[in-house]
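Please read the structure below before turning to the comments.
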Amino acid sequence: MINKIRAKFNELFQTGGSVYTSPGRINLIGEHTDYNGGFVFPGAIDKGMVAEIKLNGTDKIRAFALDLNELAEFGFNEEDIPAAGWAKYIFGVCREIIKRGGTIKGFDTVFAGDVPLGAGMSSSAALESTYAFALNDMLSLGIDKFELAKIGQSTEHNYVGVKCGIMDQFASVFGKKGSLMLLDCRSLEYKYYPFDPKGYKLVLLDSVVKHELASSAYNKRRESCENAAKAIRKNHSEVEFLRDATMDMLNEVKNDISAEDYIRAEYVIEEIQRVMDVCVALEKGNYETVGEKMYGTHHGMSKLYEVSCEELDFLNDIAKKCGVTGSRVMGGGFGGCTINLVKEEKYEAFIKEAFSAYKEKFGHEPKLYNVVISDGARKLF
Ligand code: GLA
């Protein structure tokens, strides 16, 4: 991939630049908890985005998306917003740097990725982090790593329209080889957890479905959580986010909020507890409990948060039938992958069954990714 990027860069711009990369992520547990001030448990993976970049001495960005074979040229004033969806990520990162007082200069760039789009592995955060990290480095902007992650997040909010939390961008910037990270999404305190479950494999099965309107449905979930937190706050002023709430507090306001807001909040309160339980289990090396909690998350995401779909529920059921230790929909939902913690001796039979049963039911096979937990944003050359 790097060679292809370099060849294209040279062809388009007759020169060579620096090369940066940022990864996608997995998340062991803690889904839709980040924007509720809760905990998440992600890790960066060995798949991501790679970009070659060089300042071009103009006030324009010339960007080429190698995977799409598309060129976009745009300035970095607010009115210069490019039409291409992918270019909005690069533009947004520049705008967010400028809003924080940084000076952006024109540059040429070619990028490509091997993190599958729409699979729930955060290809968009990988793209944002690549450019935030690269520009910070090349222009010596002195922005710290937390702010780099926030630049990516604000890009999503202000230029893409997804009111996401901080998990994906945090994981992409802070990732560490061999470690998952427990992140407190309110204080942004984090801890690395070396993750090497002996005798188990962590595999992703991609349903290869991506449902329309995922971003508006995502934003709607967030609104429900905020409605519930606001109602609870009337009785308990200390409740800033659902992270601070208990089921008893939620039950006090059951009649004041919609049934939908109630079940969304119920999921989040339970999910934050599951993350805590997984931490304890991991410290004891108790992967059976980790797996149990993963199934709990799937159930909640499917029945209460309603961000699963037929295909993902099907994959989850197969996992259960094949004795997989833990399985659940990963990321925002509405399509994408399941993450599966499976004993080595059960791996082959599971994959075989998942492929054949899925194909029989949906007419195509899922995709399989064996991911390696890897480092975060960095310069390659
Ligand atoms: C998406 C968002 C994250 C997080 C997850 C769900 O990946 O970008 O901030 O909310 O969904 O856990």
Original post:
Cα axis of helix 287-303 to longest principal axis of the chain: angle in degrees, 0 to 90, nearest 10?
Top reply: 80
**OP:** Take the Cα atoms of the range 95-175, build their convex hull, and give its volume per residue in Å³.
**Re:** 98
Original post:
What shape does the range 186-242 have by the C-alpha gyration tensor, where a ≥ b ≥ c are the square roots of the eigenvalues, rounded means a/c under 1.5, and otherwise prolate means a/b greater than b/c and oblate the rest?
Top reply: oblate
Original post:
With the calculation restricted to Cα positions, what are the radius of gyration and Dmax of the range 38-175 in angstrom?
Top reply: 13.8, 44
Original post:
Between Asp67 and residues 5 or more places away or on another chain, which pairs have amide H atoms under 5 Å apart, with H built 1.01 Å from N, and which residues are they?
Top reply: Gly113
Original post:
Once both axes come from the Cα atoms, what is the angle between helix 310-321 and the longest principal axis of the chain, in degrees from 0 to 90, rounded to 10?
Top reply: 60
Original post:
Considering only Leu368, Leu135, Trp86, whose Cα is most displaced toward the positive end of the charge dipole of the chain, charges sitting on Cβ of Lys, Arg (+1) and Asp, Glu (-1)?
Top reply: Leu135
Original post:
Per the Kirkwood formula on distinct C-alpha pairs, the Rh of the range 149-278 is how many angstrom?
Top reply: 17.0
**OP:** Report, please, the projected area of the chain averaged over directions, based on the convex hull of its C-alpha atoms, in nm².
**Re:** 19.1
Original post:
Rounded, prolate or oblate: which one fits the range 216-301, using the alpha carbon gyration tensor with axes a ≥ b ≥ c (rounded when a/c is under 1.5, else prolate when a/b beats b/c, else oblate)?
Top reply: prolate
**OP:** Place a +1 charge on the Cβ of each Lys and Arg in the range 200-371 and a -1 charge on the Cβ of each Asp and Glu, then give the dipole magnitude about the Cα centre in debye, rounded to the nearest 20.
**Re:** 300
Original post:
Of Lys145/Lys379; Lys320/Lys352; Lys210/Lys320; Lys201/Lys379; Lys210/Lys367; Lys47/Lys379, which sit over 18 Å apart, Cα to Cα?
Top reply: Lys210/Lys320; Lys201/Lys379
**OP:** Order these peptides, 45-54, 97-106, by their mean beta-carbon neighbour count within 10 angstrom, highest first.
**Re:** 45-54, 97-106
Original post:
With charges only on Cβ, +1 for K and R and -1 for D and E, what is the dipole size of the chain about its Cα centre, in debye, rounded to 20?
Top reply: 720
**OP:** Assign one of three labels to the range 200-371, namely rounded, prolate or oblate, based on the Cα gyration tensor with a ≥ b ≥ c the square roots of its eigenvalues; rounded applies when a/c is under 1.5, prolate when it is not and a/b is larger than b/c, and oblate otherwise.
**Re:** oblate
Original post:
Counting each DSSP H run of 4 or more residues in the chain as -39500 (n - 2.57), what helix-only mean residue ellipticity at 222 nm follows after dividing by all residues, to the nearest 500 deg cm²/dmol?
Top reply: -14000 deg cm²/dmol
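Readers should treat all values here as calculations from the given coordinates under stated rules, not as data from a laboratory. Note that the structure is predicted; figures quoted are calculated from it, not measured. With ideal geometry, Cβ positions are generated from the backbone for all residues, glycine too; neighbour counts draw on all protein chains shown.
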